[in-house]
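The values are calculated or read from the model by the stated rules, or taken from the named source; none is laboratory data. Not measured: the values here are computed from a predicted model. Virtual Cβ from ideal backbone geometry, glycine too; neighbours counted across all protein chains shown. Each accessible area value is taken on the protein alone, full model and side chains, heavy atoms only, with ligands, DNA and RNA left out. Shrake-Rupley method; radii C 1.70, N 1.55, O 1.52, S 1.80 Å.
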Amino acid sequence: YFGFTKCPDICPQEMDKLTAVLRSLDGKGQRVLPVFITIDPARDDAPRLKAYFGEGEFHERFLPLTGSFEEVRRACRAYRVYFTKPTADEIRAGDYLIDHSIISYLLSPEGHFIEYFGKSLSAAEAESKMTTLIAEWERERYLRATLPQWVAEAMLGPVEVPKGRTEAPKLPPIPAKPVEIALPPAPGKARA
């Protein structure tokens, strides 16, 4: 989520909604690492973010991030997040609001975009969508890790190579027992 700690209403409401979604997902064993990226690096330095998230109102796993204005701008551009830059006078005065996109993103553990969630979704709707998407990702990950590559590609299609990369990301190994797969006999052949 992209926001700022001095936001009087929308950011806290969205963070409360995300906290409810995350707690529900935790109860299902679908752990997500929530990340908060400030769009106000002039005021949201590391100590401010630590204090804000240390108050205990939001999910305890939130990872708050800040950086230089240029780093924040690049992160916002990468996720197509709109935000207004305060003027030099506003920064000096220290009391300003920042207009920005109100969107949460779901990324894979490898950092690939899966889906976005706008302000209009309720916590229940967002949680339902995320539950389905996470289950689909886990199923695909399991199948690609346990099936022979040709079977996985026949079922799921080839692994998509993310833009700007020369090869598909490698999945980390899944610690599991080997799975035996019984393929149906070819037409006209009896099963042994």
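Take the cross-link list Lys28/Lys119; Lys6/Lys85; Lys6/Lys50 and give me the ones stretching past 21 Å between alpha-carbons. Intermediate values should be presented prior to the final figure.
On the way: Lys28/Lys119 23 Å; Lys6/Lys85 15 Å; Lys6/Lys50 14 Å.
Beyond 21 Å: Lys28/Lys119.
Amide H of Phe36: which non-local residues (sequence gap of 5 or more, or other chain) have their own amide H closer than 5 Å, using H built in the peptide plane?
For Phe36, whose amide H was placed from the backbone, the distant partners under 5 Å are Leu63, Leu65.
Applying the Karplus parametrisation 6.51 cos²θ - 1.76 cosθ + 1.60 with θ = phi - 60° to the phi angles of segment 143-150, what ³J(HN,Hα) value in whole Hz is obtained for each residue in order, glycine and proline being reported as x?
Using θ = phi - 60°, the values come out as 5, 5, 7, 10, 8, x, 3, 5 Hz.
Which value results for Rg/Rh of segment 99-151 when Rg is the Cα radius of gyration and Rh the Kirkwood radius based on the inverse mean 1/r?
Working: Rg = 14.3 Å, Rh = 12.8 Å.
That ratio is 1.12, to two decimals.
Please give the solvent-accessible surface of Lys129 in Å², to the nearest 10, using a probe radius of 1.4 Å with every protein chain present.
Using a 1.4 Å probe on the heavy atoms, I get roughly 80 Å².
At R0 = 22 Å, how high is the FRET efficiency between Leu133 and Arg73 if r is their beta carbon distance? Nearest 0.05 is fine.
On the way: r = 28 Å, r/R0 = 1.29.
It comes to 0.20.
Taking amide H positions as placed in the peptide plane 1.01 Å from N, state which residues far from Ile103 in sequence (5 or more) or on other chains have amide H under 5 Å from it.
Phe2
Please list 3J(HN,Hα) in residue order for segment 49-57, calculated via the Karplus relation 6.51 cos²θ - 1.76 cosθ + 1.60 where θ = phi - 60°; whole Hz, with x for glycine and proline.
5, 4, 5, 4, 7, x, 5, x, 6
Which whole-Hz couplings ³J(HN,Hα) result when phi for each residue of segment 5-14 is put into the Karplus expression 6.51 cos²θ - 1.76 cosθ + 1.60, θ = phi - 60°, listed in order with x for Gly and Pro?
Here the 3J(HN,Hα) series is 6, 8, 5, x, 9, 4, 4, x, 5, 5 Hz.
Taking the Cα centre of segment 1-113 as origin and charging only Cβ (+1 Lys, Arg; -1 Asp, Glu), how large is the dipole, in debye to the nearest 20?
Details: 15 positive and 17 negative charges, 74 e Å.
That gives segment 1-113 a dipole magnitude of about 360 debye.
With viscosity set to 1.567 mPa s and temperature to 4 °C, compute the Stokes-Einstein D of segment 15-169, Rh being the Kirkwood radius across alpha carbon pairs; µm²/s, no decimals. If you can, show how the numbers build up before the last one.
Numbers: Rh = 18.0 Å.
Once the numbers are plugged in, D ends up at 72 µm²/s.
Expressed in nm to one decimal, what extension gain is obtained for the pair Asp99 and Arg23 from 0.36 nm per residue of sequence separation less their Cα-Cα distance?
Working: separation 76, 0.36 × 76 = 27.36 nm, distance 2.82 nm.
Once the chain is fully extended between Asp99 and Arg23, it gains 24.5 nm.
Tell me the accessible surface of Asp89 in square angstrom (1.4 angstrom probe, heavy atoms of protein chains only), to the nearest ten.
Per-residue accessible area (Asp89): approximately 100 Å².
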